[in-house]
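> Here's a structure for you.
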Amino acid sequence: MKFAEFHAGQVLTAGPYTVTEDEVLTFARSYDPQWFHTDPAAAQEGRFGGLIASGWHTCAIAMRLVADKALHGSESFASPGIEYIRWPHPVRPGDQLVLTATVQEVRRSTSKPGLGILRWRWELANQDGAAVLDLVATSLFQLDEEAAG
């Protein structure tokens, strides 16, 4: 999507995305090697009663869904950060995740001509409707002179 196609109040959905045990293990072993992400037997005895995905893996899944749904082919080039991030429920192998992205603000920078700013909330839920990710992100878009003027 192009920056001009976004508007406040717009809701985009993407998914479902099915999480596999292999990807949970592979991601965690590479980037978040805590036992409840990497050891199915030990995780079974832990607080969550089974293997759970890293929260950072959950963010990566959301990013992939957003990139495929809205950012592919856009002028998006960076993000200055996340306003907040929460993982209300764990993601488990076999979960089917659906993303809802709600555009909160779309504006052109007054101090940096040609810069578009998009603020949006990403909510990721599993097949039971339980929220597994909630964040507010800002995305930056490089606009051409005609679009910025």
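The values are calculated or read from the model by the stated rules, or taken from the named source; none is laboratory data. Given the structure is predicted, the values throughout are model-derived calculations rather than measurements. Note that each Cβ is placed from the backbone with ideal geometry, even for glycine, and that neighbours are counted across all protein chains shown.
> Among the candidates S54, S76, which residue alone is over 30 Å from Q142 (Cα atoms), surrounded by 15 or more Cβ atoms within 10 Å (Cβ to Cβ) and of a type in the set (S, T, N, Q)?
Sole residue among the options that is over 30 Å from Q142 (Cα atoms), surrounded by 15 or more Cβ atoms within 10 Å (Cβ to Cβ) and of a type in the set (S, T, N, Q): S54.
Rundown of residues vs (1) out of contact with any Phe, Trp or Tyr (no Cβ under 6 Å at 6 or more places or on another chain); (2) not β-branched (V, I, T), yes/no style:
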| residue | (1), (2) |
| --- | --- |
| G9 | yes, yes |
| Y17 | yes, yes |
| V24 | yes, no |
| R29 | yes, yes |
| H57 | no, yes |
| H72 | yes, yes |
| S76 | no, yes |
| Y84 | yes, yes |
| P88 | yes, yes |
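> Next question, about the same structure. Give the residue that is surrounded by the fewest Cβ atoms within 10 Å (Cβ to Cβ), with candidates limited to residues of region 1-25 that are within 21 Å of F36 (Cβ to Cβ) and of a type in the set (A, V, I, L, M).
Checking each candidate, the answer is L25.
> Taking the conditions exactly as written (among the aliphatic types (A, V, I, L, M), more than 19 Å from G9 (Cα to Cα) and in a loop (DSSP other than H, G, I, E, B)), does I61 satisfy them or not?
No: the conditions fail for I61.
> With the checklist (1) surrounded by 12 or more Cβ atoms within 10 Å (Cβ to Cβ); (2) in a loop (DSSP other than H, G, I, E, B); (3) out of contact with any strand residue (DSSP E or B) (no Cβ under 7 Å at 6 or more places or on another chain) in hand, flag the one item A67 doesn't pass.
A67 satisfies every listed condition except (2).
> Moving on to the next point. Restricting to region 10-40, name every residue that is in contact (Cβ under 8 Å) with a residue 40 or more places away in the chain, part of a loop (DSSP other than H, G, I, E, B) and more than 20 Å from E75 (Cα to Cα).
Of everything in region 10-40, those that are in contact (Cβ under 8 Å) with a residue 40 or more places away in the chain, part of a loop (DSSP other than H, G, I, E, B) and more than 20 Å from E75 (Cα to Cα) turn out to be V19, T20.
> Right, here's the next one. Go through region 41-55 and give me each residue that's closer than 28 Å to F77 by Cα and in a helix (DSSP H, G or I).
Once the filter is applied, which keeps residues that are closer than 28 Å to F77 by Cα and in a helix (DSSP H, G or I), region 41-55 yields only G55.
> Pairs under 9 Å by beta carbon, first residue on the phi < 0 side of the Ramachandran plot in region 74-96, partner of a type in the set (D, E) and at pLDDT below 95, six or more apart or different chains?
Listed pairs, sorted by first residue: E75/D144.
> I've got another one for you. Mind checking whether some residue in region 103-121 is closer than 26 Å to R29 by Cα, surrounded by 18 or more Cβ atoms within 10 Å (Cβ to Cβ) and at pLDDT 95 or above?
No, region 103-121 has no match at all.
> Could you check region 33-51 and list, in sequence order, the residues that are within 18 Å of V19 (Cβ to Cβ) and among the acidic types (D, E)?
The one that is within 18 Å of V19 (Cβ to Cβ) and among the acidic types (D, E): D39.
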